[in-house]
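Colleague: The structure follows.
Read the figures in this text as sums done on the coordinates, not as results from a lab. Keep in mind that this is a model prediction, so the values were computed, not measured. Ideal geometry is used to build each Cβ from the backbone, glycine not excepted, and the neighbour counts take in all protein chains shown.
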Amino acid sequence: MDSSTTGTTGTGRQHAVVDSPYGPLTLVATGGVLSGLYMTGQRHRPPEESFGDRVAAAEGPFPAVVAQLSAYFAGERTAFDLPLRLEGTDFQRGVWDQLTRIPYGETWSYGELAARLGKPSASRAVGLANGKNPISIIVPCHRVIGASGSMTGYGGGVERKVRLLEFESGRTGRTVTAEGLF
């Protein structure tokens, strides 16, 4: 996965809305590169007017994103290979980079993610950065759970988190409930 971290100065934004098994997804591109994937009602979702012009999903940078999301939802893809424009602090981008390393069908705790960043006491800060992930599903923040295996907060809602983990665990033999992984 290619992650660009450049700013947005002088670049245009556009967006498209696509259907998914988890409700409509708003795809946002900045300078022709995916910079956002937001669910309806998602916490930390920027205001609609910041998404730029609405275009068809078949235009601009969106066809490749739609194709890979479609393959993922069909169970034919377990990882994404798209250029991304992740805009945030250095710490946030470090957390988001680690999220892309969590294998399909697996979960890490916030503490484990913090330890992998070399900041074992920063699990709360990791949780805050995880919650502000601008490219859900593709940067799989849903794969981070509480130390006890509990389904802690998720920007797209705990119900969606459980459904995403159930979907992925269907290929690994694990069971997911709102209380945790079994």
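Colleague: Over 10 Å intervals from 0, what percent of Cα-Cα pairs in the range 2-84 sits in each interval?
Modeller: 17, 52, 29, 2
Colleague: Let me ask you something else. In nanometres, what is the gap between the two model label sites at Ser148 and Thr40, each 7 Å from Cα along Cα-to-Cβ?
Modeller: Rounded to a tenth, the inter-label distance reads 3.3 nm.
Colleague: Based solely on its DSSP helices, what 222 nm [θ] is calculated for the chain when runs of n ≥ 4 H residues each add -39,500 (n - 2.57) and the sum is averaged over all residues, nearest 500 deg cm²/dmol?
Modeller: -8000 deg cm²/dmol
Colleague: Another question about this same structure. Given a Förster radius of 25 Å and the C-beta distance between Glu159 and Lys119 as r, what FRET efficiency does 1/(1 + (r/R0)^6) yield to the nearest 0.05?
Modeller: 0.25
Colleague: Give me the net charge of Pro134's neighbourhood, meaning all other residues with Cβ under 14 Å from the Cβ of Pro134; Lys, Arg count +1, Asp, Glu -1.
Modeller: +4
Colleague: How much length would be gained if the chain were fully extended between Asp53 and Thr89, taking 0.36 nm per residue of separation minus their Cα-Cα distance, in nm to one decimal?
Modeller: The span from Asp53 to Thr89 would gain 10.4 nm if fully extended.
Colleague: May I pose another question? HN-Hα J couplings of the range 56-61 from phi, Karplus 6.51/-1.76/1.60, θ = phi - 60°, integer Hz, Gly and Pro as x?
Modeller: 5, 4, 8, 10, x, x
Colleague: Order these by the 10 Å Cβ neighbour count, fewest first: Leu27, Leu82. Don't skip to the end; give the middle numbers.
Modeller: Working: Leu27 25, Leu82 17.
Result, fewest neighbours first: Leu82, Leu27.
Colleague: Can I ask one more? Rounded, prolate or oblate: which fits the range 48-182, taking a ≥ b ≥ c as square roots of the Cα gyration tensor eigenvalues, rounded meaning a/c under 1.5, else prolate when a/b beats b/c?
Modeller: Cα axes put the range 48-182 in the oblate bin.
Colleague: Still on this model: Within a 10 angstrom radius of the beta carbon, how do Ser50, Ser150 rank from fewest other beta carbons to most?
Modeller: Ser50, Ser150
Colleague: How do Phe73, Phe62 rank when sorted from fewest to most other Cβ atoms within 10 Å of their own Cβ?
Modeller: Taking fewest neighbouring Cβ atoms as first place, the list is Phe73, Phe62.
Colleague: Take every DSSP beta bridge with both residues inside the range 26-182 and express the antiparallel ones as a percent of the total, to the nearest 5.
Modeller: 65 percent
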